[in-house]
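Every read-out reported here was derived from the displayed coordinates using simple, explicitly stated rules and does not represent laboratory data. In this text, all values refer to a predicted model and were calculated from it rather than measured experimentally. With ideal geometry, Cβ positions are generated from the backbone for all residues, glycine too; neighbour counts draw on all protein chains shown.
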Amino acid sequence: MIIEKCKSAARALSLCGLATLGGCSAYMPLLGPKGPIGAAEKTTMLTAVGLMLIVVIPVFVLTFLIAWRYRASNKKATYAPNWSYSGKIELVVWLVPALIVLALGRLTWDTTHALSPYKPLVSTRQPIRIDAVAMNWKWLFIYPDQHIATVNEVVFPKDTPVSFRLTSQTVMASFFIPRLGSQIYAMPGMRTKLHLLADQAGTYVGRNFQFSGRGYSSMHFQAVATSQQGFQAWVSKVRASQSKLDPATLRALEQPSRGMAVTYYGSVPPDLFDHIIDQFVMANAMRPKSHA
């Protein structure tokens with residue numbers, strides 16, 4: 001009960017402190033989520049900030065009040081040089097931080113499990129499967145069910161879960177669409193998962209937030225949430241592309257490049273995502289093992 005009251009007070013404090021930022025959502029996308037995961041993460045963030053403000057605000061207020069009350073010109077202020085202990089002050093100093101830490105711990109535990117990127121989203125609609133591959137310095141998106149692929153653009157229908165599998169063809173990268181939530185890493189030779197959903201149509205910025213070399217600053221992509229009809233029309237448009245993601249094209253894509261334009265591939269080999277991962281697994285297996 002006490003924790004719930006602390007959370008309510010924390011949300012109120014954080015909303016008061018961040019009220020002036022309401023018009024800045026274009027520059028602070030975490031405060032303008034467009035999906036349930038992003039909205040839940042925003043609530044968590046505001047609650048955590050509010051819990052910390054329970055300590056921060058009184059400290060700043062009391063600093064000015066004490067400095068004013070005990071100023072040299074105030075002769076009415078009580079001077080008690082031999083005072084050294086107060087049970088009430090000790091209770092507040094220890095109990096309030098303990099309750100805040102307890103509330104933050106509970107919040108973190110609950111949120112971590114509820115918003116796990118590996119946890120599928122509950123929906124009556126079938127998820128859209130998309131494989132994302134980090135390259136130098138671009139993003140390759142493979143649609144295994146539609147047998148198409150794109151570079152630096154990912155499109156999916158709104159109100160439909162999106163099930164991502166992620167890996168990297170190069171060094172570790174970070175996949176993040178701030179308005180949808182849940183940053184997760186893509187690592188060479190490994191497979192990570194992410195489940196997202198957009199409840200509003202729009203075009204959102206996605207980026208790599210993990211430094212990955214000189215082209216890191218240009219490694220961003222467009223995430224487009226559209227209607228079911230719009231998604232089907234887009235799939236048809238990509239399938240009409242004459243470009244094919246064959247082995248030669250994939251090798252060319254693997255070469256470092258910056259600012260690559262959005263590119264469509266009308267066909268892709270089956271199990272391409274697994275093939276990219278297996279390259280690193282096989283290379284590691286063939287590497288000579290050192291003996292201590």
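Here are a few things to note about the model shown:
- Comparing 49, 224, 101 in a Gaussian network model of the chain where C-alpha atoms under 10 Å apart are linked, the largest mean-square fluctuation is found at 101.
- Expressed to the nearest 5 percent, the antiparallel share of DSSP beta bridges inside the stretch 128-286 is 65 percent.
- Antiparallel bridge percentage (DSSP; both residues within the chain; nearest 5): 65
- Matching label, semi-axes √(5λ) of the Cα gyration tensor in Å computed from the structure shown, candidates (1) 45, 27, 11; (2) 27, 22, 20; (3) 50, 23, 18: (3)
- Pairs of Lys residues in the chain, spaced 8 or more positions apart or belonging to different chains, with C-alpha separations under 23 angstrom: 17 in total.
- Candidates per trypsin sites (Lys or Arg not before Pro) in the stretch 30-101, loop by DSSP, up to 11 other Cβ within 10 Å: 71, 75, 76
- Residue 220 sits among other residues whose Cβ lies under 10 Å from its own Cβ, and their net charge, with Lys and Arg +1 and Asp and Glu -1, is +2.
- The 3J(HN,Hα) values that the Karplus relation (6.51, -1.76, 1.60; θ = phi - 60°) gives for the stretch 215-227 are, in residue order, x, 4, 5, 9, 8, 10, 8, 9, 10, 10, 9, 9, 6 Hz. Gly and Pro appear as x.
- Taking 0.36 nm per residue of separation and subtracting the Cα-Cα distance, full extension of the segment from residue 86 to residue 56 would add 8.7 nm.
- Residue-span extension gain [residue 45 to residue 183] - 0.36 nm each, minus C-alpha spacing: 48.3 nm
- Its DSSP H runs of at least 4 residues, each contributing -39,500 (n - 2.57), put the calculated 222 nm mean residue ellipticity of the chain at -13000 deg cm²/dmol, to the nearest 500.
- For the chain, relative contact order (Cα pairs under 8 Å, six or more residues apart, normalised by length) works out to 19 percent.
- Tilt relative to the chain, helix 2-18 - C-alpha long axis, 0 to 90 degrees, to 10: 80
- Counting DSSP beta bridges with both ends in the stretch 63-191, the antiparallel % (nearest 5): 60
- Span from the the stretch 177-241 Cα centroid across to the the stretch 90-129 one, whole angstrom: 25
- Shape call, the stretch 214-288: gyration tensor on alpha carbons, a/c limit 1.5: prolate
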